[in-house]
Amino acid sequence: MNKEKIHAAVMVLRLSKNLNQHFELQNLASDHLVLIQRVAGLRHGKEIAFPGGVIEKEDDSALTAALRETEEELGIPRHIIQHIQPLPSSDTLTGYRIWPFLGTINTIFEWNIHKEEVHKLFLIPLDDTHQQTKFEMRWIQTPTLSIMNPTFTIDREKELVAWGATGRILWQALHTNLLKSI
């Protein structure tokens, strides 16, 4: 049985290091990657993800959806996200096709986190994403399938790990040097 995919879009955001002092980040020499942890009780609750969500009927494109969702979840105005590049889509075991976009923020803004959707915000130094100890391949098990998937560990003690589509998208962006080019 071939079920229709649910289309969603995410924004892989890179905060330019010129914003580090404004946001009082400790690693002033590195750009930062934005990840979120979704609120428990939502679809994909407690998971580490990029800002984003389902493409709605009123969205004229996947990019429009990614920008809308980023603004809704984090309060980041759409017009300050620059150098936007599409990444290849990624299918999930839960029936989604995710359309990721890479973007950079160079302009000061204020976070306005939507607490009903976002439990926690993570600003990961881009330097950390290149550490081999942060990435590993893990078996992901479902009742009907086992697959090997790249994962990225944010905090090993708290078991905060980006896996599934988020792990694959991050792995792809890093290993094709796309995060270096923006």
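The values are calculated or read from the model by the stated rules, or taken from the named source; none is laboratory data. Remember, it's a predicted structure, so these values are computed and weren't measured experimentally. Cβ placement follows ideal geometry from the backbone for every residue including glycine, while neighbour counts extend to all protein chains displayed.
The table below lists the values:
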| quantity | calculated |
| --- | --- |
| Extreme residue, surrounded by the most Cβ atoms within 10 Å (Cβ to Cβ), among residues of region 153-169 that are in contact with a Ser or Thr (Cβ under 7 Å, 6 or more places away or on another chain), part of a helix (DSSP H, G or I) and not basic (K, R) | A165 |
| Pair list, Cβ under 7 Å, 6 or more apart: region 83-98 residue under 14 Å from L170 (Cβ atoms), other residue assigned to a loop (DSSP other than H, G, I, E, B) and modelled with pLDDT under 90 | I98/T92 |
| Answer residue from region 6-23, given it is in contact with a helix residue (DSSP H, G or I) (Cβ under 8 Å, 6 or more places away or on another chain) and small (G, A, S) and is farthest from H83 (Cα to Cα) among those | A8 |
| Strands (runs of 3 or more DSSP E) fully within region 24-105 counting 2 or more residues that are surrounded by 17 or more Cβ atoms within 10 Å (Cβ to Cβ) and in contact with a helix residue (DSSP H, G or I) (Cβ under 8 Å, 6 or more places away or on another chain) | 32-38, 52-54, 96-105 |
| Count - residues of region 108-119 that are surrounded by 14 or more Cβ atoms within 10 Å (Cβ to Cβ), within 15 Å of H32 (Cβ to Cβ) and in contact (Cβ under 8 Å) with a residue 40 or more places away in the chain | 0 |
| Subset of region 35-84 [over 25 Å from D155 (Cβ atoms) and in contact with a Gly (Cβ under 6 Å, 6 or more places away or on another chain)] | A66, I81, I84 |
| Single residue of L28, L33 found to be in contact with a strand residue (DSSP E or B) (Cβ under 9 Å, 6 or more places away or on another chain) and within 19 Å of I108 (Cβ to Cβ) | L33 |
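Okay, residues lined up against (1) closer than 17 Å to L123 by Cα; (2) among the aliphatic types (A, V, I, L, M); (3) at pLDDT 95 or above:
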{"position": "N2", "(1), (2), (3)": "no, no, no"}
{"position": "N18", "(1), (2), (3)": "yes, no, no"}
{"position": "H32", "(1), (2), (3)": "yes, no, no"}
{"position": "E73", "(1), (2), (3)": "yes, no, yes"}
{"position": "L87", "(1), (2), (3)": "no, yes, no"}
{"position": "L93", "(1), (2), (3)": "no, yes, no"}
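Conditions tested, residue by residue: (1) among the hydrophobic types (A, V, I, L, M, F, W, C); (2) modelled with pLDDT under 90; (3) in contact with a Lys or Arg (Cβ under 6 Å, 6 or more places away or on another chain); (4) part of a helix (DSSP H, G or I).
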{"site": "E116", "(1), (2), (3), (4)": "no, no, no, no"}
{"site": "I124", "(1), (2), (3), (4)": "yes, yes, no, no"}
{"site": "D127", "(1), (2), (3), (4)": "no, yes, no, yes"}
{"site": "W139", "(1), (2), (3), (4)": "yes, yes, no, no"}
{"site": "T151", "(1), (2), (3), (4)": "no, yes, yes, no"}
{"site": "Q172", "(1), (2), (3), (4)": "no, yes, no, yes"}
{"site": "L179", "(1), (2), (3), (4)": "yes, yes, no, yes"}
